[in-house]
Every structure is written in structure tokens, then in C-alpha cells.
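Readers should treat all values here as calculations from the given coordinates under stated rules, not as data from a laboratory. If you're wondering where the values come from, they're calculated on a predicted model, not measured in any experiment. Quick reminder, even Gly has a Cβ in these numbers, built from the backbone with ideal geometry, and neighbours come from all protein chains shown.
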Amino acid sequence: MKAPESRHFLILGATGSSGLLTVQLALGRRHSVTIYARSPHKLPEEITSNPLVTVVKGAPRCMRLVVYHYSMLQLGELTQEDAFESCFLPKEGVAPIYGVISALGPKVGQPSGNPLAAGYEVLLRLVHKYSIQRIVLLSTVSLSSPEDRFSIIREILVAGIKIIGYTAWTDVVAIGKLMQSSAATGLDVTLARVATLNDADGGSLKVGFIGDGKVGWMLARRDLAIFFVDEAEDPKWAGQLPFISS
Ligand SMILES: NC(=O)c1ccc[n+]([C@@H]2O[C@H](COP(=O)([O-])OP(=O)(O)OC[C@H]3O[C@@H](n4cnc5c(N)ncnc54)[C@H](OP(=O)(O)O)[C@@H]3O)[C@@H](O)[C@H]2O)c1
């Protein structure tokens, strides 16, 4: 099989477990990677010292926000357009960014105001500005697709997240609306929906829709990384909301 062409991907959420596996896989396939992260100190040295990697730190807009407003601090990073934009600026000897992969996901207990959706609004402005077409991002069972069938397990999972993590649920829904709005027109956006992540070995990725009898409820982060990089190289599910499992 022919090796995929080397590309340059911007990866968000790279300091998390799935994001790190995604970075490692992309590098293993000889792609260049730009990481935009609020806590780059969490990245292992093996990543930061790799010549194919550029790390850009998102910083809060003003120190007072850090001290007094934790929720604003979270908003200040992904929506800090000048720091975010520096990820897209041309770098000598590195191809322009070809696509964006985001392993960012909302957290139970996160502040209200849909911080991830706000960050993605900035991202959409930037991808249009720099003529980048491809975005693959994490989503959850809280979004539905017309191809889904009824599933009582899904109803229970969504009811549970609404009760224990309402602000996370509203953020996922806001991201779904944004990515299907006119702001995303002309882009190849794949929203990869997941239920429950684990650290199993992977190697058994399944892609389909809820209730189709093919996909299950558990997804190895390693399989998520494979889906992310495969889809960013060659989008097969753009414009859709595939549900993925192991
Ligand atoms: N565990 C599950 O079963 C499950 C199920 C459905 C969805 N998810 C979602 O899937 C995502 C990936 O899971 P994981 O376990 O691999 O991730 P993880 O280890 O929790 O890492 C999450 C990543 O997102 C970043 N992040 C989160 N909120 C952010 C914000 N407001 N601004 C900037 N960066 C932010 C984190 O940055 P920092 O390192 O700076 O914190 C980190 O890089 C998670 O975000 C989670 O919400 C998980």
C-alpha cells in the first residue's frame, strides 16, 4: 500500500491522552504537527524535541483574568485569536497547515458559556482566512445523526450527562450547531462521535451510526487516534456525524 503523503496538521487537545496518541501516530506517519495547547509543559520531551513538531502556547489575555476569573481563563485561551493565529502563519521549511484535528472535549464541571464552541468560532474564522478545508473533531453521543436508530443506552447516557454535566452537554450541542452552520460552509468537517473512551490496545476501529448493530459503546483512545489521522489524511466521513467504537 502506498504511504500517505506527508502533511502538516494542527492538533488541539494534544496534552490529553487521546490527543497525545494522535500526535504520536501523525508523527509516526511522517506528518508535521503544530500543537496549540494551554499547558504545553504536559507534553513529553520526546514530542517537544521532535523536529517535525511546533508547539504554540495559548495564554490568557490578561493576568487579572487568571487571578480572578477561572472561567474567563478557559475562554481566554482558545479564543485568544492572535496566539491561535500564530499556529497558521507560514514557517520556513514547513508546509502550510493542511488540516486540523481536535481531541478537545468538554469536561464535567466546566464553566458555562460553551468555552469550546467559542474557541471553535475563532478556529473557523482562521481556517477560512488561511484556506484550510479539513477539520476532524471529537464529539459525543449528545449529538444525533439522521442515520442513527433508537437506542435506550444512548438515551440513558445523554440523560446522565445532562444531569451530571449540563455545561458540558450544552457545549457539545453548541459545537454541533456551529459546525453545521453557515460558519462552516465550504469546509470538510467530520464530527467523530464517541461514547466511552478507554486505554485498551485498539486495532479494531468500527465506524457507523448509533444502533446500526455494528458499533458499540467503548472506544480505545488508540482507535480514536487512528480515526483522526486517517480522516484528516483522506476524509471519508466529511459532512457527517459518524459514531466510532472499538
Ligand atoms: N473519558 C470518556 O469516556 C469520554 C467520553 C466522551 C468524551 N470525552 C471527551 O474526550 C476528550 C478526550 O478524552 P481524553 O481522556 O483523551 O482527554 P483528556 O486527557 O481529558 O484531555 C483533554 C484535552 O483537552 C484540553 N482541554 C479541555 N478543555 C479545554 C479548554 N477549555 N481549553 C483548552 N484546552 C482544553 C486539555 O488541556 P489541558 O491538558 O491543558 O487540560 C487536554 O489537552 C476529553 O476532552 C473528554 O471530554 C471523554
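Computed from the C-beta positions of residue 30 and residue 128, the FRET efficiency with R₀ = 30 Å rounds to 0.60. Across the stretch 78-209, the convex hull enclosing all Cα atoms gives 142 Å³ per residue. Here the spin labels are modelled as points 7 Å beyond Cα on the Cα-Cβ line, and at residue 217 and residue 182 they lie 4.1 nm apart. Computed from point charges on the beta carbon alone (+1 for Lys and Arg, -1 for Asp and Glu), the dipole magnitude for the chain about its Cα centre is near 220 Debye.
As a proxy for reagent exposure, 79, 48 were ordered by neighbouring Cβ count within 10 angstrom, fewest first; the result is 48, 79.
Bridges between two residues of the chain, per DSSP, are antiparallel at a rate of about 10%. Number of Lys-Lys pairs in the chain under 20 Å by Cα, sequence gap 8 or more or different chains? So the count works out to 11.
Ranked from largest, the principal axis spans of the Cα set of the chain equal 53, 50, 35 Å.
Taking 0.36 nm per residue of sequence separation and removing the Cα-Cα distance, the residue 50/residue 173 pair yields an extension gain of 40.7 nm.
Treating each Cα of the stretch 108-155 as one equal point scatterer and applying the Debye formula with no solvent, the log10 of I(q)/I(0) at q = 0.19 Å⁻¹ comes out as -0.86. Normalised by the number of residues in the chain, the average gap of Cα pairs under 8 Å and 6 or more apart makes the relative contact order 20 percent. With contributions of -39500 (n - 2.57) from each DSSP H run of at least four residues, the per-residue ellipticity at 222 nm computed over the chain stands at -11000 deg cm²/dmol. Rounded to the nearest 0.05, what FRET efficiency do residue 144 and residue 234 have when you use their Cβ-Cβ distance and R0 = 25 Å? Computed FRET efficiency for residue 144 and residue 234: 0.45. The residues packed around residue 246, meaning those with a beta-carbon under 13 Å from its beta-carbon, carry a net charge of +1 if Lys and Arg are +1 and Asp and Glu are -1. Amide H contacts under 5 Å for residue 134: 100, 188, restricted to partners 5 or more places along the chain or on a different chain, H placed in the peptide plane at 1.01 Å from N. Projecting each Cα onto the charge dipole of the chain (Lys/Arg +1, Asp/Glu -1 at the beta carbon, about the Cα centre), which of 204, 217, 178 comes out farthest on the positive side? Checked the options; the winner is 178. With the simple spin-label model, which puts each label point 7 Å out from Cα in the Cβ direction, the residue 86 to residue 151 separation comes to 4.1 nm.
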